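Values in this text are rule-based calculations from the coordinates and carry no lab data. What you see is a predicted model, and the numbers here were worked out from it, not measured in a lab. Neighbour counts run over all protein chains shown; Cβ positions are idealised from the backbone, glycine included.
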Amino acid sequence: MPIDQVETPALVIDLDAFEQNLQRMAEAVRASGVRLRPHAKTHKCPAIARRQVALGAVGVCCQKVSEAEAMVEGGIRDVLVSNEIVGPRKIARLAALAQEAKVSVCVDDAANVRELSAAAAARGVELGVLVEIDVGASRCGVAPGAPALDLARAVIEAPALEFAGLQAYQGRAQHIRAYEDRRQAIARAVEATAATVALLREHGIACETVAGAGTGTYAIEAASGVYNELQAGSYIFMDADYARNLKQDGGLNDEFQHSLFIYATVMSRPVAERAVLDAGLKAMSTDSGFPLVADFADALVARASDEHAVVETGPGAANLGIGTKLRLIPGHCDPTVNMYEWYIGVRRGVVEALWPISARGVGY
C-alpha cells in the first residue's frame, strides 16, 4: 500500500537509508579488523538483528533478560547481556537461555558472580562473563586495575562460568558534541582499559574480548588497538540527537542517514502559525528534545501532550493542511521504538515490510 494510506501515529523505516546504514557500519568495522556486536536495545527486533548478523556481526548485545530471550527466540545464537543481572528468577532465566544459545553477561560484584555460577551449574551450562569496569560513565562497573583483577579471578575460580574479558563502555562520551572533546573522553577510557588488560596479562589472564563503544565514538575505539568488539546500536536509525555531534572537521555528523520516522497526521490547523499533530507523548520520546520535522521547511515541534504535538509553522509550511501526513525524526530512537509494536518498512513511498518489535515494553 502507499505510505499515505498508513494510519498514524506509526513508526516507519526508510528501507533504502536503513540498508545503507547497515552496510556502511559493516564495511567500516570489517576494515578496522575488529568485531561488531550491535546493540539490540536500539531496535528490539530479531528481524533487524538477523540482518546485522548476515552482514558480519558476531551476535548482538541486550540490556535485559527479556530482550535476550526475544533475540534467541528470533534466531540469534550469540547474545551478550551487556549489563548486570540480579535476582534469582532473572538469573535462572539467563541460565536457561544458555541451553539454547551462547549467552554472556557482565558483572561488577563478587556475590553476583557466585549467584550466576550456582544457577549455571544447576542448569548444566556455562555462562560467559565480562567484568565491567567504569571508564568514565559513572554508572555500573568496578574501578579499572586491581579491583577488576580481583573480580576476574573470582569469575575464573567459579564453576560453570568462563571469563570472557572486559566490558568498558563510556556512555557519557557518546553525545559530547565537539569531536576533540569526545576523542579525549575516549582516550581516557582507552588508557584505563589498556592498563587493566595489561595488569590481567601480567597475572596470566587473557582478555579474549574488550568490548564497548557506541555510535558516537565507535571509530575511535576501533582504532585504539585495545577494543576488539564494538557495541554501536543507533547507527541503523540515526536519531536527531546523534546527528548533532560534530565531525573532526567541525561539520555535522552525516556518516549515517536518518532512517527512522514517526509518521503523523495534521489533525488541526486553527491558526496560520500552528498545526497540531495526532502524535503526542505516547508516540515519541522527548528526553533528547522534540522530534524534528523532516519534510516541511518552517515547521518546528514546540510542545506536546499525551495525544497531541503542537507544531509552530511559518510561510514554508503554508501547505501543511488538515489531513497532511508527515515524518518526524525522533530525538532519541531507543525509547521511541519502545512505544511501538511494529515497524513499517517503506521503500520509495510503498510499504514493503512489517517487522514486529518483539522485545518492546518494560520487560524484566
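Structural remarks
- Mean Cβ neighbour count within 10 Å, used as a protection proxy, ranking 240-251, 262-273 highest first: 262-273, 240-251
- Whole-Hz couplings from phi, Karplus 6.51/-1.76/1.60, listed for segment 241-255; x for Gly and Pro: 5, 4, 5, 7, 5, 9, 7, 4, 7, x, x, 5, 5, 10, 5
- Under Karplus coefficients 6.51, -1.76 and 1.60, residue-wise ³J(HN,Hα) of segment 206-216 in Hz, glycine/proline x: 8, 9, 5, 10, 10, 10, x, 6, x, 4, x
- Residues whose amide H lies under 5 Å from that of E307, counting only those 5 or more places away or on a different chain, are L281; hydrogens are built 1.01 Å from N in the peptide plane.
- For segment 260-277, backbone phi angles converted through the Karplus equation (6.51, -1.76, 1.60; θ = phi - 60°) give residue-by-residue couplings of 10, 9, 8, 9, 9, 10, 6, 9, 7, 9, x, 9, 5, 8, 9, 10, 10, 9 Hz, Gly and Pro being listed as x.
- For E162, distant residues with modelled amide H under 5 Å away: L127, G128, V129
- Taking amide H atoms as placed 1.01 Å from N in the peptide plane, the amide H of Y343 lies under 5 Å from those of W355, I357, each 5 or more residues away in sequence or on another chain.
- Span-like helix check, the chain: qualifying full DSSP H segments, with Cα axial length of 18 Å or more and mean Kyte-Doolittle of -0.5 or more, are 15-32, 110-123, 179-202.
- Among the trypsin sites (Lys or Arg not before Pro) within segment 115-168, those in coil by DSSP and having at most 16 neighbouring Cβ atoms inside 10 Å are R139.
- Estimated dipole of segment 59-145 in Debye, rounded to 20 [Cβ of Lys and Arg +1, of Asp and Glu -1, Cα centre]: 200 debye
- Derived value for segment 229-364: Kirkwood hydrodynamic radius 16.0 Å. Basis is the mean of 1/r over every pair of different alpha-carbon atoms.
- Rounded to the nearest 500, the 222 nm mean residue ellipticity of the chain from helices alone is -9000 deg cm²/dmol, with -39,500 (n - 2.57) taken per DSSP H run of at least 4 residues.
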